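Asker: Quick one: this structure, given as structure tokens, is what I'll be asking you about.
FYI, it's all coordinate maths here, none of it is from the lab. For clarity, every value in this text was computed on a predicted model and none was experimentally measured. Here the Cβ is made from the backbone with ideal geometry for all residues, glycine too, and neighbour counts use every protein chain on show.
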Amino acid sequence: MTKKALVTGITGQDGAYLAQLLLAQGYEVHGLARRSSTSDVNLSRLQWLGIADQVKIVDGNLLDLSGLIRTMRDVEPDEVYNLAAQSFVRSSWQQPILTGQVTGIGVANMLEAVRLIRPEARFYQASSSEMYGLVQEPVQSETTPFYPRSPYAVAKLYGHWLTVNYRESFGLHASSGILFNHESPLRGIEFVTRKVTDAVARIKLGLQNELRLGNIDAKRDWGHSKDYVRAMWLMLQQETPDDYVVATGRTSTVREMCQIAFDHVGLEMDKYLVIDPAFFRPAEVDILLGDPGKAKAAFGWEPTITLEAMIREMVDADLARLKPRG
């Protein structure tokens, strides 16, 4: 029989790549999407991948438990991937309560819907390296203590521990992927990597003349979303549920990431990069560096796309988006 998957956050970067992967594996893919009165569901990422017409979109919201229960009853998924969240860290200081409701309590609603209607389904929770925050160890693994430094990270930590709790309390096949930063051409423009590649493309094409950033000495462990959604899927294929760090094991500064982008188009970075204090976080996470050894040992996962290749791909995609159609 064809396996069925329910993916929340399917219109986002990870949701789109995960849907592509699941379809290639022969799944029937259902995506939970939140509609508004002003516009229809934004399927642009699914369209960019050429799979929008292969995904069944279901109206829903992580804050509506009754709706989630109905969806679980209607879809009867074999696997549930909870990727939806208010996921922009900087906005979480301006919207701490909304972030807590969606990114934290939303996980409780999803777990309850699974427990009540589809307890046999396998559940994946998208946890985040931001939970480590003020890092307690130089390299972060599944046993590193958490120290969240933003309302977003605090909400993610609630969802993470609740997933562990439901696994231990109710025997759900519930796993969390502690994903470090991962990007792609489908990344939202508000995130720093895409902000950089879009700006570099615009500067190259003469559409703007500077790139304004905050702390460019912050270090991140960056991978590609395509690699990371493969890790999500592999987690749910394991007989025993567990939590796994998904990372490259390499850290780079925002400055180094910018340099790759500017070098790719033959521009001198220092001529265009402006440091703007307005973009500094109230509490900074200075360095993140993950140890993916457990995932490699358990199911052979390793990243395949380098930071350099990813940034070049993103710059090229932004150039293609911005060039006039002739």
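Asker: Report, as a whole number in µm² per second, the diffusion coefficient that Stokes-Einstein gives for the chain at 4 °C and 1.567 mPa s using the Kirkwood radius over alpha carbon pairs.
Answerer: D, rounded to a whole number, is 64 µm²/s.
Asker: So what are the ³J(HN,Hα) numbers for segment 208-217, from phi and the Karplus equation (6.51, -1.76, 1.60; θ = phi - 60°), rounded to whole Hz, Gly and Pro as x?
Answerer: Taking θ as phi minus 60°, the curve returns 8, 10, 7, 10, 9, 9, x, 7, 8, 9 Hz for segment 208-217.
Asker: Here's something else I'd like to know. For GLN237 paired with PHE279, estimate the spin-label separation in nm (one decimal), with each label point 7 Å from Cα along the Cα-to-Cβ line.
Answerer: Label at GLN237, label at PHE279, 3.9 nm between them.
Asker: Turning to a different aspect of this structure: May I ask for the angle, rounded to the nearest 10°, between helix 106-117 and the longest principal axis of the chain, with both axes built from Cα atoms and the value confined to 0 to 90°?
Answerer: Once rounded, one gets 30 degrees.
Asker: Please list the non-local residues whose amide H lies under 5 Å from the amide H of LEU32, H modeled 1.01 Å from N, same-chain partners needing a gap of 5 or more.
Answerer: Residues meeting the criterion, in which the H sits 1.01 Å from N, are VAL7, THR8, GLY9, ILE10, VAL58.
Asker: Would you mind working out the magnitude of the charge dipole of the chain relative to its Cα centre, with +1 at each Lys and Arg C-beta and -1 at each Asp and Glu C-beta, to the nearest 20 Debye? Can you show the working numbers first?
Answerer: Values: 35 positive and 39 negative charges, 132 e Å.
I would put it at about 640 debye.
Asker: When the helices in the chain are scored as -39500 (n - 2.57) per DSSP H run of 4 or longer and the sum is shared across all residues, what 222 nm value do you end up with, to the nearest 500 deg cm²/dmol? Walk me through the numbers before you get to the answer.
Answerer: Values: 12 runs with 129 residues, N = 326.
Per the formula, -12000 deg cm²/dmol.
Asker: Still on this model: I need to check one value: relative contact order of the chain, counting alpha carbon pairs closer than 8 Å and at least 6 residues apart, in percent. All intermediate terms of the calculation are to be shown ahead of the outcome.
Answerer: Values: 648 pairs, mean separation 55.4, N = 326.
Answer for the chain is 17 percent.
Asker: Where does helix 65-75 land angle-wise versus the long Cα axis of the chain, in degrees 0 to 90, nearest 10?
Answerer: Approximately 80 degrees, to the nearest 10.
Asker: Excluding residues fewer than 8 places away in the same chain, name every one of the aspartates and glutamates whose C-alpha is closer than 12 Å to that of LYS294.
Answerer: GLU142, ASP242, ASP243, GLU302
Asker: Ranking MET131, MET257 by Cβ neighbours within 10 Å, fewest first, what do you get?
Answerer: Values: MET131 26, MET257 23.
Result, fewest neighbours first: MET257, MET131.
Asker: Let me check I've understood the local charge: for ALA247, count other residues with C-beta under 14 angstrom from its C-beta, Lys and Arg +1, Asp and Glu -1. What total comes out?
Answerer: Details: positive: LYS219, ARG220, ARG230, ARG250, LYS294, LYS296; negative: GLU130, GLU137, GLU142, GLU183, ASP221, ASP227, ASP243, ASP291, GLU302.
Cβ neighbours under 14 Å give a net charge of -3.
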